[in-house]
1. Taking F51 as the residue in question, decide whether it is of a type in the set (A, V, I, L, M, F, W, C), surrounded by 16 or more Cβ atoms within 10 Å (Cβ to Cβ) and modelled with pLDDT under 90.
2. Residue pairs, Cβ under 8 Å, 6 or more apart or interchain, first in segment 122-149 and free of Cβ contacts under 8 Å to residues at least 24 places away in the same chain, second part of a helix (DSSP H, G or I) and among the basic types (K, R). List them.
3. Being surrounded by 14 or more Cβ atoms within 10 Å (Cβ to Cβ) and outside the structural domain of T197 (by TED's automatic domain parsing) narrows it down to one residue among I153, I113; which is it?
4. Hey, could you check segment 183-232 for residues that are hydrophobic (A, V, I, L, M, F, W, C) and modelled with pLDDT under 90 and say which is surrounded by the most Cβ atoms within 10 Å (Cβ to Cβ)?
5. Pairs please, first residue from segment 210-238 and in a loop (DSSP other than H, G, I, E, B), second anywhere and of a type in the set (K, R) and surrounded by 12 or more Cβ atoms within 10 Å (Cβ to Cβ), Cβ atoms under 8 Å, 6+ apart in sequence or on different chains.
6. Quick check, is S65 modelled with pLDDT under 95 and of a type outside the set (V, I, T)?
7. Can you tell me which of (1) assigned to a loop (DSSP other than H, G, I, E, B); (2) surrounded by 11 or more Cβ atoms within 10 Å (Cβ to Cβ) is the one Q18 doesn't meet?
8. Would you check which residues across segment 116-150 are within 20 Å of G69 (Cβ to Cβ) and surrounded by fewer than 15 Cβ atoms within 10 Å (Cβ to Cβ) and list them?
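The values are calculated or read from the model by the stated rules, or taken from the named source; none is laboratory data. All of these numbers come straight from a predicted model, not from anything done at the bench. Methodologically, a virtual Cβ is constructed for each residue, glycine included, from the backbone with ideal geometry; neighbour enumeration extends over all protein chains shown.
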Amino acid sequence: MLSVNAKKTNYIIFKSRQKKLSKSFSLSFGNQILKQVSETKFLGVYVDDNFTWKPHISFVCKQISKSVGIIFRSRYCLSSNTKLTLYYTLIYPYITYCNSAWSSTYVTNLNRIFYLQTRAVRAIANLGYREHTVPLFAKLGILDIFQVNALQIAKFMFYYHKQLLSPMFLSLFSTSSQIHSYDTRTAKSYRPHHCRTNLKQFTILYQGPKIWNSLPISITGSTSFSLFKKKMIEFLMN
């Protein structure tokens, strides 16, 4: 028995950055004219008309920056374990929420989040801004933004491989053995979707099979999700 609030409803015309609209649009719901926007918030994620995910990354960076400031100001007052708890409470949820969707973008966009992560790691370890952070991530057990994205995609592929997803996803990927009958080394590997643009190469349709096929059988053959996740995190840390 829900009803649409037209005053809070807007619409987006999705297009490539190079494409210009040849004509103007006007949509209405009943007697209410709907507003056209270039970006909007949907289920906690900011979606823009070019699918660059820049608005959402800017939102995540803004939220993370506040929390990094809190950890930085308390770096000499709290223990490392307490500051690590603050990291997973205030920062990590923003990085992981719908990550497999909005991380489908250029590395330069994600580097903004990675830079903030390095500041947080230095604050947790009480180190100066010139200190090298790669060993610190592993020492503290923190995944950077790129490792988080790989983990989220791998988790999706595990559910797909075990046929634990909704039926609408069951035919999303195909193996080489489903394409041809030759007994090759990649017969059980998933085939990435053909990509004409960089935008599609960033999506799970291409990155999913690419990441899954790169994993050793000791990980992909895990019998449970908890075991798979544990092995996957260890694999990324190493």
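1. Numbers: of a type in the set (A, V, I, L, M, F, W, C): yes; surrounded by 16 or more Cβ atoms within 10 Å (Cβ to Cβ): yes; modelled with pLDDT under 90: yes.
The answer is yes for F51.
2. What qualifies is G128/R122; Y129/R119; Y129/R122; E131/R122; T133/R122; L136/R122.
3. That would be I113, the only listed residue that is surrounded by 14 or more Cβ atoms within 10 Å (Cβ to Cβ) and outside the structural domain of T197 (by TED's automatic domain parsing).
4. Residue satisfying both the conditions and the ranking: L199.
5. Qualifying pairs under 8 Å: S222/K231.
6. Criteria not met by S65.
7. It fails just one condition, (2).
8. Of everything in segment 116-150, those that are within 20 Å of G69 (Cβ to Cβ) and surrounded by fewer than 15 Cβ atoms within 10 Å (Cβ to Cβ) turn out to be N126, L127, G128, Y129, R130, E131.
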